[in-house]
Amino acid sequence: MGVGFELVNYTKRERILFMHIPASKKHELAGNPAASAITTWYLLENPGDEISFISDTYDDWPFRGGSRDDLSQYLEVTGQVVDQLMVAGILKDYGKTHIDPDEPDHVYTRDLRNAWMIDSS
């Protein structure tokens with residue numbers, strides 16, 4: 001299966017779960033243009049914050065306080081960051097793919113693409 005990750009901002013009590021993005025594992029996060037853009041943008045917009053990837057498998061907690069038990073109380077901001085990237089002209093949304101017919105509003109993958117790669121080809 002592989003180890004999945006989320007990006008956690010301990011300073012602001014936020015997290016990016018990469019919800020509806022086809023990426024959660026190490027290679028996917030680095031190789032998927034949307035996931036890479038989300039991570040880079042978030043890091044650049046939050047300089048000085050304590051931010052780290054946290055795995056869903058290991059007992060890793062790199063921050064000076066708190067614990068993984070607190071994560072359910074952190075604000076999930078994936079959608080907000082994607083919206084910022086679309087406004088900035090970095091990502092384009094081409095709709096939903098892999099839609100679960102039983103839960104189409106909750107279980108789906110977004111087809112997000114790097115606008116610069118699309119526009120330059």
Only one of (1) over 20 Å from MET86 (Cα atoms); (2) under 9 Å from the mean Cα position of the chain (by Cα); (3) of a type in the set (D, E, K, R) does not apply to ASP49, and that is (2)
Filtering region 76-95 down to residues that are open to solvent by 50 Å² or more (accessible area, probe 1.4 Å) and either touching a residue at least 60 places away in the same chain (Cβ under 8 Å) or of a type in the set (A, V, I, L, M, F, W, C) (or both) yields GLU76, MET86, VAL87, ALA88
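Each row is one residue, and each column tells you yes or no for (1) out of contact with any strand residue (DSSP E or B) (no Cβ under 7 Å at 6 or more places or on another chain); (2) farther than 29 Å from TRP116 by Cα.
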{"site": "HIS20", "(1), (2)": "no, no"}
{"site": "HIS27", "(1), (2)": "yes, no"}
{"site": "ALA37", "(1), (2)": "no, no"}
{"site": "LEU43", "(1), (2)": "no, no"}
{"site": "ILE54", "(1), (2)": "no, yes"}
{"site": "GLY65", "(1), (2)": "yes, yes"}
Could you list, in sequence order, the residues of region 34-46 that are touching a Lys or Arg at 6+ places or on another chain (Cβ under 8 Å) and over 14 Å from GLY89 (Cα atoms)?
ASN46
Considering every residue within region 63-75, establish whether at least one is under 21 Å from SER36 (Cβ atoms) and open to solvent by 30 Å² or more (accessible area, probe 1.4 Å).
no
Pull up region 30-50, narrow it to residues that are touching a helix residue (DSSP H, G or I) at 6+ places or on another chain (Cβ under 6 Å) and open to solvent by less than 40 Å² (accessible area, probe 1.4 Å), then point me to the one that is nearest to THR78 (Cα to Cα).
ILE38
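The values are calculated or read from the model by the stated rules, or taken from the named source; none is laboratory data. As the structure is a computational prediction, the values presented were derived from the model and not from experiment. Cβ sites come from the backbone with ideal geometry, for glycine too, and all protein chains shown count toward neighbours. Quick note on the areas: whole protein, heavy atoms, side chains included, nothing else; ligands and nucleic acids left out. Shrake-Rupley method; radii C 1.70, N 1.55, O 1.52, S 1.80 Å.
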